[in-house]
1. Give the long-range amide H neighbours of residue 75: residues separated by 5 or more places, or on another chain, with amide H under 5 Å away, using H modelled in the peptide plane at 1.01 Å from N.
2. Of all accessible surface on the range 151-256 at a 1.4 Å probe, what whole percent is carbon and sulfur?
3. Taking amide H positions as placed 1.01 Å from N in the peptide plane, with prolines and chain starts having none, which residues 5 or more places from residue 69, or on another chain, fall under 5 Å of its amide H?
4. Under a Cβ-only charge scheme (Lys and Arg +1, Asp and Glu -1), can you give me the dipole magnitude of the range 137-195 about the Cα centre, in debye to the nearest 20?
5. Using a ≥ b ≥ c from the Cα gyration tensor of the chain (square roots of the eigenvalues), is it rounded, prolate or oblate, where a/c under 1.5 gives rounded and otherwise the larger of a/b and b/c decides, a/b for prolate?
6. In the range 59-157, which chymotrypsin sites (Phe, Trp or Tyr not before Pro) are in a loop and have at most 16 other Cβ atoms within 10 Å, using DSSP for the loop call?
7. Can you give the % of DSSP beta bridges in the chain that are antiparallel, to the nearest 5?
8. Mind giving me the FRET efficiency for residue 266 and residue 91? R0 is 41 Å, r the Cβ-Cβ distance, nearest 0.05 is fine.
Amino acid sequence: MPKLFDRIGVDINQKLALEPAVDWAVKHKVPFIDLCLDQTPELLERSSPRLAKARKQLEKNGVKLGLHTLSAVNIAETSPFVTNAADAYLAAYMDAAKKLGAGWIVVHGGYHFGSDQRVRMDAAVARIARAAKAAEKKKVKLLLENLNPEPEQAEVHYLANDLEECRYYFERLDSPALGWSFTVNHAHIRPNRIDAFMAGLDLRRCGEVRLADCRGTHEEHLRPGEGTIDFGAMFAAIEASGYRGHYMQAFGSLDDMLTGRATLAALGEKGVRQ
């Protein structure tokens, strides 16, 4: 089994475009990367030779790529015209993933404005179900991320931000093409608890564990040690569950995450040994 260090990747997101991101991962021997393609609409709007070229570079160097959609795109959209756009957005990401050979696509549950919560949850579940059915045919994998809770007085709230909402989604979405992207810092924001998420959701559906530190009070993506997450205990619990997939850092700069691979691996190995 690969060492923990070799299972920890970097979420480049929109810090670099496709080709520079692949070159950066190859140069620094980073085994897993996440990338958002929204900054390069050409790659989502039409077939581009850039996709096939990047795929060859990834495969030649053994780098595993995942795509990460924007949480700002409301997958719980219910308005005319915009509903079709939300469907098209997910379809475009699946087409790009197929051409890139991407191993997963991180998707989100949308957001609501208070009184419309249940309507939007049901719209999101229906939309993700349609996307998952298409993903089965395209042989791509979708991973639904647990998002961060917002302050109670906020007007807008992400969906799938606590255990109850995540269970609502996953209990209604049983496609083999849909898994879970477990963001531990979101699960650490009070009243959420990491151990409760692990006990309440099926880690066998988990295809990625996303890592950043936070202080448990609000949405943060801090470097390990700057917040209050016990990474040793977290790694020990996740590894004890049988999870053997990859971990994905999402904090700070690219240099911060390069350093973070060794830091997190050391914390994880210490936690597993104890």
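The values are calculated or read from the model by the stated rules, or taken from the named source; none is laboratory data. Small disclaimer: the values here were computed from a predicted structure and weren't measured. Neighbour counts are summed over all protein chains in view; Cβ atoms, including those assigned to glycine, are modelled from backbone coordinates with ideal geometry. In case anyone asks, the SASA skips ligands and DNA or RNA and just uses the protein heavy atoms, side chains included. Shrake-Rupley method; radii C 1.70, N 1.55, O 1.52, S 1.80 Å.
1. Excluding prolines and chain starts, which carry no amide H, the hits are 110, 111.
2. Carbon and sulfur atoms account for 48 percent of the accessible area of the range 151-256.
3. When sequence neighbours closer than 5 places are left aside, the close amide H contacts are 106.
4. About 560 debye.
5. Here the chain falls in the oblate category.
6. Counting only loop positions with at most 16 other Cβ atoms within 10 Å, the chymotrypsin sites (Phe, Trp or Tyr not before Pro) in the range 59-157 are 81, 113.
7. Close to 10 percent.
8. E between residue 266 and residue 91, to the nearest 0.05, is 0.50.
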